[in-house]
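The values are calculated or read from the model by the stated rules, or taken from the named source; none is laboratory data. Remember, predicted model here, so these are calculated numbers, not experimental data. Please note: Cβ atoms are built from the backbone with ideal geometry, for glycine as well, and neighbour counts cover all protein chains shown.
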Amino acid sequence: MAEQEIYYEMLWDCAQCNTKGLLGDSHRHCPTCGAAQDPSKRYFPKEGEEVEARNHKFVGADWSCAYCSSPNSRAAAHCTNCGAGQDGTKPVAIVVDTAMPPAVSVAAPAPAARSLGWLRWALAALALVVVGFIFLFTSTKDTTATVAQRTWAREIQIEQMARVSDTAWCDILPADAYSVTRHREQRSTRQVADGQTCHDERIDKGDGTFVKRRECTPRYRAEPVYDDRCRYQVNRWRSVRTLKADTQNALMPVWPTVSNLNANFLGAGVGGGMGALGSEREGARRENYVLTLASGGKTWTCNVSETVWNKYEQGSTTPLKVRLTGGADCDSLK
Ligand SMILES: [Zn+2]
Ligand SMILES: [Zn+2]
């Protein structure tokens, strides 16, 4: 593999006569003034201005003359500039290519170094505010209130079996779906290998030349993944109306009368099973009980349980805890 490599000339500038762009392999001495090449000043040429080092045989990095610092081929036993021997010399420094754009690194935002003094005061102030709010919302004063009004309301949802249209991925279709039609639709994307991205890396051989090495990384592209999408119909219970009863119907709470349900009701299955289209059943029930309390020109309304509601007669008096913010503590009614 190394035999097939193409060698390119490194460049150097003559420090003595200021001639620029001299060739690292061909110009061991400055052709203008004859000064010896300084191997520590070698650099890579600009992209596109690279000169091939023809008939170059790589025999190893240059050795630097201990007496005159001239670079000499590894094959040369003596310095071509001053004739000194190779003994006690060391190879020249290898240059790293800085022409390539360095990897962009985004620094994490440095944690701001701040004094904790103000933070301590802020926390203390916050704690004070929290304690203040807790005091405001929890502390109460006792008062005696009259039960001014007692109201209740109860309701029953009536549900009907209805035809519902919907769509879903065909592999997660409800078991009772019917009138199913299919079509193709994009469900996701997947990453597919799509060749390579390559660039040439330049490596200093240390003898006035460099070689190129191709560095490649795999490239990917997103590809849509299609699947079967189903349009279907199912029969489902849907709330269609609400039966209501409240204080205007009766003094004591009663549930509204359920009547005139669709005739298919019995066949529908009370437990929520499948029924014929149009059949009806009872759905969810809701109830609420409200006490209105009055004292010194103020009134409060409390939502309570049916048990508590039953204990308080119209016109009776009861102790009531009132918060500093003005609201009644309805939990004090038991
Ligand atoms: Zn020169
Ligand atoms: Zn020398």
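Within region 164-181, the set of residues being more than 23 Å from Ala276 (Cα to Cα) and surrounded by 12 or more Cβ atoms within 10 Å (Cβ to Cβ) comprises Ala168, Trp169, Cys170. Each residue in region 12-24 was checked for being surrounded by fewer than 22 Cβ atoms within 10 Å (Cβ to Cβ), of a type outside the set (Gly, Ala, Ser) and in contact (Cβ under 8 Å) with a residue 12 or more places away in the chain, and 5 of them qualify.
Being assigned to a loop (DSSP other than H, G, I, E, B), modelled with pLDDT under 85, away from ligand 1 (no atom under 16 Å from the Cβ) and farther than 13 Å from Gly208 by Cα is true of Val106. Mind listing whichever residues of region 66-78 are over 14 Å from Ala35 (Cα atoms), within 10 Å of ligand 2 (Cβ to nearest atom) and in a loop (DSSP other than H, G, I, E, B)? Result: Ala66, Tyr67. Just one of the listed residues (Asn81, Asn55) is surrounded by fewer than 19 Cβ atoms within 10 Å (Cβ to Cβ) and part of a loop (DSSP other than H, G, I, E, B), namely Asn55. Say whether the condition of being among the hydrophobic types (A, V, I, L, M, F, W, C), closer than 25 Å to Gly283 by Cα and in contact with a strand residue (DSSP E or B) (Cβ under 9 Å, 6 or more places away or on another chain) is met by at least one residue in region 172-191. Scanning region 172-191 turns up at least one residue that is among the hydrophobic types (A, V, I, L, M, F, W, C), closer than 25 Å to Gly283 by Cα and in contact with a strand residue (DSSP E or B) (Cβ under 9 Å, 6 or more places away or on another chain). Tell me, yes or no, whether region 13-36 has at least one residue that is away from ligand 1 (no atom under 14 Å from the Cβ) and within 51 Å of the chain's Cα centre (by Cα). Within region 13-36, not a single residue is away from ligand 1 (no atom under 14 Å from the Cβ) and within 51 Å of the chain's Cα centre (by Cα). Selection within region 1-11: residues that are touching a Phe, Trp or Tyr at 6+ places or on another chain (Cβ under 8 Å) and free of Cβ contacts under 8 Å to residues at least 60 places away in the same chain. The member of this set that is farthest from ligand 1 (Cβ to nearest atom) is Ala2.
Number of residues in region 208-236 that are out of contact with any helix residue (DSSP H, G or I) (no Cβ under 9 Å at 6 or more places or on another chain) and either of a type in the set (Gly, Ala, Ser) or not in a strand (DSSP E or B) (or both): the value is 1. Based on this model, can you work out whether Gly48 counts as away from ligand 1 (no atom under 15 Å from the Cβ) and either touching a Lys or Arg at 6+ places or on another chain (Cβ under 8 Å) or modelled with pLDDT under 90 (or both)? Here the answer is yes, as Gly48 does meet what is asked. Can you tell me which residue is modelled with the lowest pLDDT among those in region 318-334 that are within 10 Å of Lys141 (Cα to Cα) and basic (Lys, Arg)? For region 318-334, the residue satisfying everything is Arg323. Out of the residues in region 36-65 that are among the hydrophobic types (A, V, I, L, M, F, W, C) and within 16 Å of Leu22 (Cβ to Cβ), state the one that is nearest to ligand 2 (Cβ to nearest atom). Among those residues, the one meeting the criterion is Ala36. Of the residues making up region 62-79, those that are of a type in the set (S, T, N, Q) and within 16 Å of ligand 1 (Cβ to nearest atom) are Ser69, Ser70.
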